[in-house]
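Enquirer: Next up is a structure, given as C-alpha cells.
Throughout, read-outs are computed from the coordinates displayed, never taken from laboratory work. The structure displayed is predicted, hence computed values, not measured ones. Cβ placement follows ideal geometry from the backbone for every residue including glycine, while neighbour counts extend to all protein chains displayed.
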Amino acid sequence: MNKVQEIQLAVSTLSTDEFRRFREWFAEIEAEIWDEQIEKDIHTGNLEQLADEAIQQFRAGQYTEL
C-alpha cells in the first residue's frame with residue numbers, strides 16, 4: 001500500500017468532526033502551496049504574458065464587467 005492509499009484509508013475512517021478539521025487543514029495547506037506558486041511565477045516573470053494579453057483585451061473592449 002502506498003502513502004496515498006494509506007491516507008485515503010485513514011481519511012475514510014474519520015468522524016464528521018475529524019473530517020471537517022482535516023478539510024480545513026487541507027484547504028490551508030493547499031492555499032499556501034498556491035500562494036507560493038503564484039509568488040514564484042511573479043518573480044520569474046511567468047505571468048507577464050498573461051498580464052499583457054489581459055491588458056490588450058481590456059483596451060480592445062473585450063471584457064465582461066462583474
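Enquirer: Putting +1 on Lys and Arg Cβ atoms and -1 on Asp and Glu Cβ atoms, find which of 60, 26, 44 reaches farthest to the positive end of the dipole of the chain.
Expert: Of the listed residues, the answer is 26.
Enquirer: Okay, helix-only estimate at 222 nm for the chain: each DSSP H run of n ≥ 4 adds -39500 (n - 2.57), divide by all residues, round to 500 deg cm²/dmol; what do you get? Mind dumping the intermediate values first?
Expert: Details: 3 runs with 51 residues, N = 66.
Using -39500 (n - 2.57) per qualifying helix, the result is -26000 deg cm²/dmol.
Enquirer: So what's the projected area for the chain, the Cα convex hull averaged over all directions, in nm²?
Expert: The number I arrive at for the chain is 7.9 nm².
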